[in-house]
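The values are calculated or read from the model by the stated rules, or taken from the named source; none is laboratory data. Since the structure is predicted, the reported quantities are computational estimates derived from the model, not experimental observations. Surface accessibility is based on the protein's heavy atoms, side chains included, excluding ligands, DNA and RNA. Shrake-Rupley method; radii C 1.70, N 1.55, O 1.52, S 1.80 Å.
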Amino acid sequence: SLGIPHEALLLKRYFNVETEWDHPEKDIVGPKEVDIEFDEFLGNDKPKTKAKVYRPVKELSHNIRPLVHSSSESLWGSIYPVIAIKFGRGFLIHTGMSLDEEREYKILLDIIRRLSLVGYETLAKL
């Protein structure tokens, strides 16, 4: 609703990443709680859980690896609350989770811990 071209946004211009926005007409304003699931890359021992998301990534491209996904049909459809973006010789981690609550911080710390255990070599193959 701001009328800003997507190309003007830094995430889109430099990393080809588009995030979801508020949709007042669909009653989607601010952080929303959705069911999330870790990508199999992070391990299959984590069951689905809930997290508040805000500005999650809505589309994947060749330089993006999803780490967490959600297909909550009641909101935007398929979204990616946490992704790894290929950048130079490494990756940037982008989170679309709302970090206003302790629960989401713990989920993000668990993801970072799992990434550390998996190692860069594994992530770089993707």
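Determine the share of the range 53-116's accessible area contributed by carbon and sulfur atoms, expressed in whole percent, with a 1.4 angstrom probe. Mind showing how you got there, number by number?
Numbers: 1750 of 3360 Å².
Result for the range 53-116: 52 percent of the exposed heavy-atom area is carbon or sulfur.
Solvent exposure of SER61, expressed as accessible area, is near 30 Å², computed with a probe of 1.4 Å over the protein chains only. Here GLU102 sits with roughly 120 square angstrom of accessible surface, probe radius 1.4 Å. Taking all protein chains together and rolling a 1.4 Å probe, LYS50 ends up with roughly 90 Å² accessible.
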